[in-house]
């Protein structure tokens, strides 16, 4: 569903944003929460919608979540931002 929405938004000359990447599940205490997630759960539950947004929807931007993911704030998380987003998804788009 997100891919269709992204394509619709961007077809109008706007930039769609996939936000709260990647493990934000609640709004309360969002600056203190730490989502502890094993690799399998991360890959099978949390990341697929964002992967689809990048690979299929060609989303224009992604906003990281406020929460920590495995002890590191999502906006500072090397694994999520570089290893997954850039190296696994962005570099494979179009290949």
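The values are calculated or read from the model by the stated rules, or taken from the named source; none is laboratory data. Just so it is clear, the model here is predicted, and its values are computed rather than measured. Here the Cβ is made from the backbone with ideal geometry for all residues, glycine too, and neighbour counts use every protein chain on show.
Key figures for this structure:
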quantity: All positions within the stretch 41-77 that are in a helix (DSSP H, G or I) and within 13 Å of residue 21 (Cβ to Cβ); calculated: 42, 46, 48, 49, 50, 51, 52, 53, 54, 74, 75, 76
quantity: The stretch 22-66: number of residues that are surrounded by fewer than 17 Cβ atoms within 10 Å (Cβ to Cβ), within 15 Å of residue 92 (Cα to Cα) and in contact with a strand residue (DSSP E or B) (Cβ under 6 Å, 6 or more places away or on another chain); calculated: 0
quantity: Some residue of the stretch 71-78 being buried (at least 17 other Cβ atoms within 10 Å of the Cβ), within 16 Å of the chain's Cα centre (by Cα) and free of Cβ contacts under 8 Å to residues at least 24 places away in the same chain; calculated: yes
quantity: Tally, over the stretch 4-33, of residues that are within 16 Å of the chain's Cα centre (by Cα) and outside any loop (DSSP other than H, G, I, E, B); calculated: 7
quantity: Residue list for the stretch 79-88, filter: farther than 26 Å from residue 27 by Cβ and either surrounded by 13 or more Cβ atoms within 10 Å (Cβ to Cβ) or touching a residue at least 24 places away in the same chain (Cβ under 8 Å) (or both); calculated: 88
quantity: Among the candidates 39, 5, residue that is modelled with pLDDT of 95 or more and under 16 Å from residue 84 (Cβ atoms); calculated: 39
